[in-house]
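Structure record follows, encoded as structure tokens.
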Amino acid sequence: MHRKRWNASPLRLCVKAFKVIGMKILVIGSGGREHAISWALARSARPDLKLFCAPGNAGIAQLAEPVAISATDIEALADYASERAIDLTVVGGEAPLALGIVDLFESRGLRITGARREAARLESSKSFAKDFMARHKIPTARYRVAVSADEAHDILRSGEFGAEDSSVVVKADGLAGGKGVVVARTRREAEEAIDDLMLSGALGVDAASRVVIEEALEGREASLLLFADGRDYALMPPARDHKRVGENDTGPNTGGMGVVTDADVLDEETLRRAVREVVEPTLEGARADGFEFRGILFVGLMLTEDGPRVLEYNVRFGDPETQAILVRLQSDLVDIFSATTRGTLSQTPVRWSEEASACVVLAARGYPARAETGARIEGLERAALREGVQVFHAGTARGSNGEWLTAGGRVLGVTATGQNLDRALARCYDAVGEIKWDGMHYRRDIGKVRGQGPVVSGQ
Ligand code: AMP
Ligand code: GLY
């Protein structure tokens, strides 16, 4: 039969037009967080969405075209985004933000979501963040900043953070990959921490040329994340991380061994208080200081007897918080990220399921010190088929026969939703039971303990 080229119905024309438009999104990073972000973006209702991930990992490569550029090579990333006409870039980790990737992309007319360099200082400099909080009366631990080890020792000796047997917290000023905070149980331990951080050179000059000394707070911790567009914000479900490698919160600190989200993480009243006393003053304070906050803000809170106190700001999604949070997202993440760049968040739905969720991290032997890689992972496909379960890849590679191999310290984040936390955890651990490799370890008590995270000295 003879066909006329333009004999298409209006509807088909419309679909065609969309297809021509399409949309290309570049995700920057290579961990479980970026896998979860890519997965949530891929569920978008937008037709013809094409995802890219720089540099990505083997799990992410199932959803997004890998781009062999490091997350910190921001010039090369900007060149790539221009050449490939990327419509939107999403930044996973703090390092590119602190380097000014958002400022660079914007200066080249490229759309990107994330904090600009100045706003990223809320994470990249603890003294900047503390001074910001003091200026804007945001509740946080009492603190002093020292620019030399001698000055830090003098502050401790002055007794303003308690007697010799009091706990006190020492924090390197700069980005230290989770290794820059020591909760010392005595002044002696704090002195050792100061010398380790400031004199050993272990963290590099930039990270530890100044330290923050602060009062040790007590309570449960909670992570409150939100999307922001410079004017409005949308909260995510509060999450609780488990940072120590061992059960009952023992052993060294890690990037995070598991996360839960459910109503118990932050009760309604405390959440309202955290919004009123922390979230809104933070966004207003940023505006008052001349740097509108856009992208994702992550507030680490200690829920003390006197109310919520800020432990830290991050200017990005958490890992593995993201995995447990995004499985509850019911709205379109592409629309949300676009809205953060356009200032249209108030007109964009950001809805979450009423369920609970959990993520259990499976790590390789040796993590968090030096992790073994190259072990063959069994049972991944079976685990991923379980109802309500998503397995996000943090550090995997493909072998020559297509088999899955470990390629990092944190290897997988087994994530599930459920009507309540017990159900979500049961689904996670059932799926974990399908997976094994030589040297795999994980915590069996995610969601059962407080989930505290400091490196306590002397352990
Ligand atoms: P930060 O990177 O500042 O969040 O610190 C990492 C971890 O150290 C937090 O998750 C807390 O468990 C702990 N921490 C930080 N500051 C304090 C504090 N002032 N009091 C007690 N624990 C703290
Ligand atoms: N899981 C803690 C963080 O991403 O900072």
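Computed from the coordinates by the stated procedures, all read-outs in this text should not be read as laboratory data. Bear in mind the structure is a predicted one, so any value in this text is a computation, not a measurement. Here Cβ is always computed from backbone atoms with ideal geometry, including for glycine, and neighbour counts include all displayed protein chains.
Is the shape of the chain rounded, prolate or oblate, going by the alpha carbon gyration tensor and its root eigenvalues a ≥ b ≥ c, with a/c under 1.5 for rounded and a/b larger than b/c for prolate?
On the way: a/c = 1.75, a/b = 1.43, b/c = 1.23.
It comes out prolate by the Cα gyration axes.
Report, in debye and to the nearest 20, how large the dipole of the chain comes out about its Cα centre when Lys and Arg carry +1 and Asp and Glu carry -1 on their Cβ.
2060 debye
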For the ARG84, GLU269 Cβ pair and Förster radius 51 Å, calculated FRET efficiency rounded to 0.05 is 0.60
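What relative contact order, as a whole-number percentage, does the stretch 218-310 give when Cα pairs under 8 Å and 6 or more residues apart are counted? Before the final figure, lay out the partial values.
Working: 146 pairs, mean separation 35.7, N = 93.
Result for the stretch 218-310 is 38 percent.
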Please arrange ILE336, ILE101 by counting, for each residue, the other beta carbons lying within 10 Å of its beta carbon, fewest first.
ILE336, ILE101
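What are the semi-axes of the equivalent ellipsoid for the stretch 66-209, taken as the square roots of 5 times the Cα gyration tensor eigenvalues, largest first, in whole Å? If you can, show how the numbers build up before the last one.
Numbers: eigenvalues 285, 52, 23 Å².
So the three semi-axes of the stretch 66-209 are 38, 16, 11 Å.
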Whose amide H sits under 5 Å from the amide H of ARG294, counting only residues 5 or more places off or on another chain, with H placed in the peptide plane?
ARG116
Would you compute, from DSSP H runs of 4+ residues alone, the mean residue ellipticity of the chain at 222 nm, taking -39500 (n - 2.57) per run and dividing by the full residue count, rounded to the nearest 500?
-8500 deg cm²/dmol
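Tell me, what is the percent relative contact order of the chain, built from C-alpha pairs under 8 Å that lie six or more residues apart?
Here the relative contact order equals 17 percent.
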Could you line up THR250, THR406 from fewest to most neighbouring Cβ atoms inside 10 Å?
THR250, THR406
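Can you tally the lysine pairs in the chain where the Cα-Cα distance is under 14 Å and the two residues are eight or more apart, or on different chains? Present the calculation step by step, with values, prior to reporting the outcome.
Working: LYS19/LYS50; LYS24/LYS50; LYS126/LYS171; LYS126/LYS179; LYS130/LYS171; LYS171/LYS179; LYS179/LYS243; LYS243/LYS448.
Going through the chain pair by pair, I get 8.
If I take every Cα pair under 8 Å that is 6 or more residues apart in the stretch 216-261, average their sequence separation and divide by the length, what percent do I get for the relative contact order?
Working: 66 pairs, mean separation 13.1, N = 46.
Here the relative contact order equals 28 percent.
Tell me, SER82, SER38 in order of fewest to most beta-carbon neighbours within 10 Å?
Details: SER82 13, SER38 26.
Ranked by crowding around the Cβ, least crowded first: SER82, SER38.
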If I take R0 = 41 Å and measure r between the Cβ atoms of ARG111 and GLU387 in this structure, what FRET efficiency does the formula 1/(1 + (r/R0)^6) give, to the nearest 0.05?
0.65
Please identify the helices of the chain, taking whole runs of DSSP H, that span at least 24 Å along their own axis as judged from the Cα atoms and have a mean Kyte-Doolittle score of -0.5 or higher.
none
Classify the stretch 360-459: rounded, prolate or oblate, from the alpha-carbon gyration tensor (a ≥ b ≥ c, eigenvalue square roots; a/c under 1.5 rounded; otherwise prolate if a/b is larger than b/c)?
oblate
With the label point 7 Å along the Cα-to-beta-carbon line of GLU372 and a cut-off under 19 Å to each amide N, the hits in the stretch 394-411 are 395-399, 404-411
